[in-house]
Structures are given as structure tokens and as C-alpha cells.
1. Which percent of Cα-Cα pairs in the chain sits in each 10 Å bin, short to long?
2. For the chain, take the longest principal axis of its alpha carbons; what is the angle in degrees between that and the long axis of helix 209-218, to the nearest 10 within 0 to 90?
3. Stokes-Einstein D for region 302-385 at 10 °C, 1.306 mPa s, Kirkwood Rh over Cα pairs, in µm²/s?
4. Compute the Rg to Rh ratio over region 285-350 from the alpha carbon atoms, using the Kirkwood formula for Rh, and round to two decimal places.
5. Counting every Cα pair in region 619-675, what percent are over 14 Å apart?
6. Can you give me the Kirkwood hydrodynamic radius for region 439-541, using every pair of distinct Cα atoms, in Å to one decimal?
7. Obtain the nm distance between the two label points defined at residue 601 and residue 290 by a simple spin-label model: each point lies 7 Å from its Cα along the Cα-to-C-beta direction.
8. Determine the distance separating the Cα centre of region 713-733 from the Cα centre of region 80-144; give it in Å without decimals.
Ligand code: GLC
């Protein structure tokens, strides 16, 4: 007996000694997990209120005795979101407001996206944050989703590749990213628990594909699960989604966290492989301890989550003791954001552009005097400034018509008072009410007189949206009567003087264009382009920059033409409270009571955006992938060859115009019977399978573009071969629509 006790004591002492001396490192994570108490384990997988960086979204809990620091998590996709000022601190903590995610995708340029990621990642690092809660990568299932501005595209390849470039850029700075919201968070209405009902195929080919590409091509440090349910199971508690698909099939090696307040049952969240419950709090810690103690949660599952949280922590600058400066180089980052805005702006229509420097411009539209840089909610940024369009045009060498400028300046002052005085409807969560937007102004005499004086007119149309509320097609997709009257009046007056009119779309997503685009001469879409976006617009208007963006989304003729519009919520804010619209106290039961509120049917299946419009031959106003240039390009006959793991398509692009510029080569897998909708086959007519943007080509210069298309993203391929009749098609914008060059028949692939 004595012998055994003697043996036991040193072992116990060793454990105690070890535990006392044990300090977390990247090489002793299993031992550290073993040394934690159950309460400490619960604290590590639950968010914790730590005010290291004021305004950050969340943090993890420190365990000092084991050398485990708290790490800091902060939003967002268009720039780091932290408080710009701190009580008693003279320094400011502004962050660069970059263009919105949609505009990053509109660049079709992964190098530019990567540079934005690097700049944003540097601000994350230098302000003492460890993980950036971005990118937002959900598919634009319907143009009226309130958070589409944060997301990239209706196409999973463009969205996935843009996300991967962004993630690699941010993580090159030694900080983490958090691709979100995994998955099928494609509407804001009742987002906390709305049940997305979707086919396995649409899930695989469209809604999960974007995350699959990003994970396989960039390994984000973390993934954030979405609030909603997927086929009846909350994403935050979805073992199939997190453990089987994300980790098992795709090889994701990082940490998973809930959205803020996502998920309901602690034992389900942890046992699904969701490692961190954010923003956390004592309730969740207690719940986890109770669940282990009464057998609802296997401690092994908890240990696995704790291990992954520790693996995340040891990668962070905080754990490595990085001495952050709180002084990132905002000036150079602003230039990176401006370049991205230049690259992402799309020239939709061209008659007279670019203007000569010094042109006298009459600037119409309240949007010209209240230029919007980004969307609202957690995707907003506390920017050091926003350059107004007026200032950008003046500084860019244009002369603004004084009378018009004076009229709008007065008008905007009155509107500002009116908007601030609007009583928000009592009882509704303020998040639901978009910031009241100024009404459009029209003074016919002013327009007619300006047409006699100014050389040209610019009209800005603006749309803003944000988290927690979807857009209403009636007021947000379609133009108001005031906007239509303004376009009609300005066009009539300036055309009668033989002068031109340009419309600038400063928007959060798709708007109606078909009914008025023939009334004006030039159209640019600059989305919500960040703090210096209006400078990019000025450079494009005067030709210092040749636009090279391409639409990452379809601009349909009518909102109702979108296949998902039959199954998308359009709730007037004043009616919201009557629905289970904001069921704050989710009771864990998925109800399928109210269509598009409690559940949303993804009836269109894989036919999202251009996949639908091109397959049914439906005309659109401006198609996905479209964009013009101030110069012109000629392509060689594209060639395709089978290579290991896929195919390589090469195209020689030549600048045959009079200005330097960039072109985009888009490669689609084309269905055998082009333009024929073959539900039996179930394959869209066109599916984007590769793309690349040239560098800046001078006049007569050429560049050979080579695009690798991996087999695994060609769902039609079987055993590395394409079915008979399928082929890769190179599409580019020429004139008003696409010119398509069929590349080759699949028979020789
Ligand atoms: C929000 C958003 C998410 C954000 C998080 C932290 O509710 O859905 O995108 O990162 O909370 O602010």
C-alpha cells in the first residue's frame, strides 16, 4: 500500500507543479486543456466583455494563471469598426472607410482586393485587434436584401474568389478574419430565426460554394455561423454544416463562432463544433457547466472547442505580445481605398464621357450633396472624413454651376432639419428605420436656366441600406416620382441646348434603370465607394481614370423579374411589429407560420441572378459581368487545354483604342443548347467558372490571360470530363450587351 501512495504523491505533485508552471504555448495546447477547470473551459468558449479596444464587437476571456490572454474581435467588411474617440484620451482612433464589399467584387481584380485586405489588416493590427469580423460573403439571392452591400455577388465563384483575396490580404498582416454568415443568411427580415428552406443542390452549388472556395483557397482563421435556420436546424447548432461539411469535407482548420446572439441551446452549439458563443456572458458559462454536469454535453466536445479556441489565441498578435502603435498609416490606406473605388466603378452607358477638365457642371440630385460612403449597421465604419461629390468635382478641375449649388445647399439645410425632426414610429426598433433620406428637389426654372449656362449636367441617385432590415422594392428599387421628374426635366432642358446628362448611381445595390436609361447620355454606378469614393468618380468623369469595373450583380428591368422575388419579404416598417418579425426571445422552436418571415422557400433553386435570366432568355437592363471602357479591346480566339485537375483557357487581349485601360476576361461554362431553359437537365445556360483582369494596357499593347478552371467547381463535369456539347465561353461587354466567343466544344476536352 505504502508503495502505491509513494508512487501517487510525486505524480500528483508533478501535475500540480506542472499546472502551476504551465503557461500556454503553441506546443502544449492539449496539456493546457487538461489543466483547465470545467468553469475555465466554459469561460474560454463564451465571449467576454473586455474593453481593451473601445468599440470592438467582442473578446474572449483571459485565464491569467495559464498565460491565456483575452483576444479582441471587431467588425467589419468595409473597414475596422471601433470607437473613434475615447473618454479622457486626446488621440483619435478613426479607421479607413473602404468601398463596400459589393464594390470590391465589382473590381474583378483580386490584386486590388488583396491590397485593400492588407491595408485593413494593418489597421486591425496597429489598433490592437486580433480578428476582423469580415468578409461578409452571403450570396445576393435577392437584390432587396438589406446587407447585400456588405456581400459580394449573386455568383459564388466571383464571391468566393473575392473573399479569398480579401482574407489572404488581411491575414498577411498576422491578424485573423472571420468569413460570415455561414450560411444562407440571405435576408434580414426575422433574421434571428428565419428558416431557409433550400435543396441540397442549391446549397452545394450556390450558397455553400462561396464559403467552400474561400476556405479552400485562403483558410480564414475563423468562420461565423449565421442566425437563421437551414432546413429547420439553426446554423449555429448545425453539426452537419460545421463539423461534417466545413471541417470534414473542406478541411477547415480554424475556429467557428456564433453570430452575436446566434444559437439557442449551449449544449447544441458546442456539440455541433461551434467553438465560441458570442458575445457571451455569464448565463452561457453557467449553462455549459450545467450541461456537462447533468450529461447533456459530453466534456470531450467541450475540450475540442477549447482546443480550437486556444489554437486561435496562440496565432494572435496579442498572444505574441505585439506592441501595437495605435497609429496606422491612414493616409496611405486612403489611397488604397480610392484605387479600389476607381477599379470597382462600372461604366454602364457612354455617349459623351469623359468630360474635358474645367467643364462647367450643373450638379443635380440630393445625392450629389449628401454623398453616401457606406451602409449602416455593423458594416459601417467611423471614417476620419467623407469627401463630398461637390468638393471632389471642384478639386478635380470641374467648375460647378453656382446657382444650382446655392439652391441645393439651401435645400439640404432644410431637409436636414426635416429629417432630424421625423418622429420615428414608437415601438419599432430603430434599426428597422433606414436613416430618413432627403426628398428629391425640382425647380424647373433653375434647371432651364442652368441648361443655358452649364456645359453638362450630372444627377446623383442614392440608395442606402443596412443590417437588420431589407429594402422595399417600391421605394428602394424603383425611383420616386421626384427622381423621375428630375431626370425628365434635366434631360429635356439640357438636350434642348444640345448638352449631355450623366447619371451617377451612388447605391447599396440594384435599382431600376430600364425606364430612364435612354433619356440620359452616360451612366456610372459607383455603389457606396468609401470615404474617397467621390474622388474616384471625379477622376473617371474627366478621364484621368479609365473605368474597368464589371457588374457583380444583375440590374433587372423589374424587381419582380428576379426569380426569388416570389419568395422574399417586403414588409413595410409600420407593419413589422404585427409579425413574428422580431422574435427577440426565440424559444428554440422553428415555426413555419408566416411565409418569408418564419420561413423562406428557395424555390428558384440554383437559378439565382444571371443563371436564371440567361437560362430563360429573360431580358435584363444590365447583365451580370457587364461594364464598358473608354477604350476598346480585341481578343484572340481563346484556346482551351486539359491540364492536371482541370482546364486552362488562354486569351490574348489587345488594346485597339485610344486610351490605356484594363479589360476583364470572364469564362463561363455554357450549356449545349444556349438560351434554352432545360429544366430536365437542370443546368443553367451560363455559369461563371473563371475570370481575370488584365493589367493596364497602353494603346496597341497586348496581354495573354491564362485562366485555370479546377474540375471541382464544374458541377457538370463527371470524372474530369465535361458532358457532350458543353463548352467554355468567353464573354465580354461590347456595345450594349455581351459578345460571346464560343471557345471550344467539350468533345476535345
Ligand atoms: C451582428 C452581425 C455580424 C457582426 C456581429 C458583431 O449582429 O450580424 O455581422 O459581425 O453582430 O457586431
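What follows draws every value from the coordinates through simple rules; no lab data is involved. The structure presented is a predicted model; accordingly, all values stated were derived computationally and were not measured. No Cβ is skipped: glycine too gets one built from the backbone with ideal geometry, and neighbour counts run over all protein chains shown.
1. Distribution as computed: 3, 14, 23, 25, 19, 10, 4, 1, 1, 0, 0 percent.
2. In the chain, helix 209-218 runs at an angle near 70 degrees to the longest axis.
3. Translational D for this selection: 85 µm²/s.
4. Ratio value, two decimals: 1.36.
5. 68 percent
6. 14.6 Å
7. About 3.9 nm separates the two model spin labels.
8. First find each Cα centre; the distance between them is then 35 Å.
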